[in-house]
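Accompanying notes for the structure given below.
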Amino acid sequence: MFIKSPLNYTGNKYRILPQITKYFPKHTDVFVDMFCGGATVGFNVNADKVVLIDSNPRVINLLKFLAEKDINVIISKIEKIIEEYDLSYSYKYTYKKYRDEGYVVGNNGLKKYNEKGFYKLREDYNKLKNKNTDKANILLYTLMVYGFNNDIRFNNYGDFNLPVGKTDFNKNNYDKLIAYNERAKVTKYEFVCSDFRSKKVNDIINKATFIYCDPPYLITTAVYNENDGWNCDKEEALLKLLSKVAKKKIPFALSNVLKTKLKSNEQLEKWIQDNNFDVHKINYHYKSSSYNKKNRDREEQEILVTGGESSETGNK
């Protein structure tokens, strides 16, 4: 049974897990989820060990915190923050309560009710000098839950900069948090904060039995592509890395987009052709994503590239 990540990370693969995991092994020893984001893929595979890698320390620290801490302690801390900042709590009191009391206005959901408390919470989080503490992690999680589209975004100074959202700590967020924490107890997970080009990551992938990569897409627009977060040089470095992985007979899968209505990734297309890798079309698009609201007709074609020991890994 697939579970949803407690982090609503941009481009998460929950809706297409059935399409991509059929190209994964039914079971593997060491599964490496590079560019793990919200860990949606890594937490839904059958492996003896899953290594989750991402270069964002805030995301990795939060994933680790939510996986390793006692769930009752986590929820207790969330409830204290809700009370301290006078935020809504529809999981406990129901959404109907706030609607009947007149706090739900138009299509803005609980935005008006939470606005004052949210911005004070955001201010207090951004003032923290050490963002690696348990306190920082629980504040960040709560900010995400009450923030716009339940996303996580930071500016160039490392400050959380999303505005208040329409929802709160509701049943959906509660259930996702519980499921994630429970799944973490039955599989061995390792959380690694590192650039994919580092020696540390190179050592990890050399011991992998399957590698999945979901990097930022070069020709699309998203939060992680802001401020030149992903470029042609990084794309080339990743493709070279996967070429070496394939030569070592380590099976891999790469999610990406070859073409949109306005652009094409010729760099990726040439790499696929030169190495004779398999390409599988994925039936999904991101037109409804918050970052895509100005480009609803971009006609993205999601693909999964497979290579290495076998492109029919899922049959093994």
If you scan segment 35-53, which residues turn out to be farther than 11 Å from CYS213 by Cα and in a strand (DSSP E or B)? ALA47, ASP48, LYS49, VAL50, VAL51
What do you reckon, is VAL73 under 24 Å from the mean Cα position of the chain (by Cα), under 22 Å from ASP214 (Cα atoms) and either aliphatic (A, V, I, L, M) or at pLDDT 95 or above (or both)? no
Scanning segment 188-213 for residues that are of a type outside the set (A, V, I, L, M, F, W, C) and either modelled with pLDDT under 95 or surrounded by 20 or more Cβ atoms within 10 Å (Cβ to Cβ) (or both) gives TYR189, TYR212
Considering only segment 49-68, state which residues are among the charged types (D, E, K, R), under 25 Å from ASN126 (Cβ atoms) and touching a Lys or Arg at 6+ places or on another chain (Cβ under 9 Å). ARG58
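Here is a yes/no grid of residues against (1) buried (at least 21 other Cβ atoms within 10 Å of the Cβ); (2) out of contact with any helix residue (DSSP H, G or I) (no Cβ under 8 Å at 6 or more places or on another chain):
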position: PRO6; (1), (2): yes, no
position: LEU17; (1), (2): no, no
position: PHE24; (1), (2): yes, no
position: PHE31; (1), (2): yes, no
position: PHE35; (1), (2): yes, yes
position: THR40; (1), (2): yes, no
position: ALA47; (1), (2): yes, yes
position: VAL50; (1), (2): yes, no
Could you list, in sequence order, the residues of segment 135-155 that are at pLDDT 95 or above, crowded, with 17+ Cβ neighbours inside 10 Å and closer than 21 Å to ILE60 by Cβ? ALA136, ASN137, ILE138, LEU139, LEU140, TYR141, THR142, LEU143, MET144, VAL145, GLY147
If I filter segment 125-134 for residues that are of a type outside the set (Gly, Ala, Ser), under 28 Å from VAL51 (Cβ atoms), out of contact with any Cys (no Cβ under 6 Å at 6 or more places or on another chain) and crowded, with 18+ Cβ neighbours inside 10 Å, do I get at least one hit? yes
Return the total of residues in segment 2-32 being without any contact (Cβ under 8 Å) to a residue 24 or more places away in the chain and either touching a Cys at 6+ places or on another chain (Cβ under 8 Å) or on the phi > 0 side of the Ramachandran plot (or both). 0
Breaking point among (1) out of contact with any Gly (no Cβ under 6 Å at 6 or more places or on another chain); (2) part of a loop (DSSP other than H, G, I, E, B); (3) hydrophobic (A, V, I, L, M, F, W, C), for VAL73: (2)
Within segment 6-21, take every residue that is closer than 9 Å to VAL41 by Cα and in a loop (DSSP other than H, G, I, E, B) and give me the one that is modelled with the highest pLDDT. LYS13
What's the total number of residues in segment 76-95 that are assigned to a helix (DSSP H, G or I) and either of a type in the set (A, V, I, L, M, F, W, C) or modelled with pLDDT under 95 (or both)? 3
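The values are calculated or read from the model by the stated rules, or taken from the named source; none is laboratory data. Just so we're clear, the structure is a prediction, and the values are computed from it rather than from any experiment. Here Cβ is always computed from backbone atoms with ideal geometry, including for glycine, and neighbour counts include all displayed protein chains.
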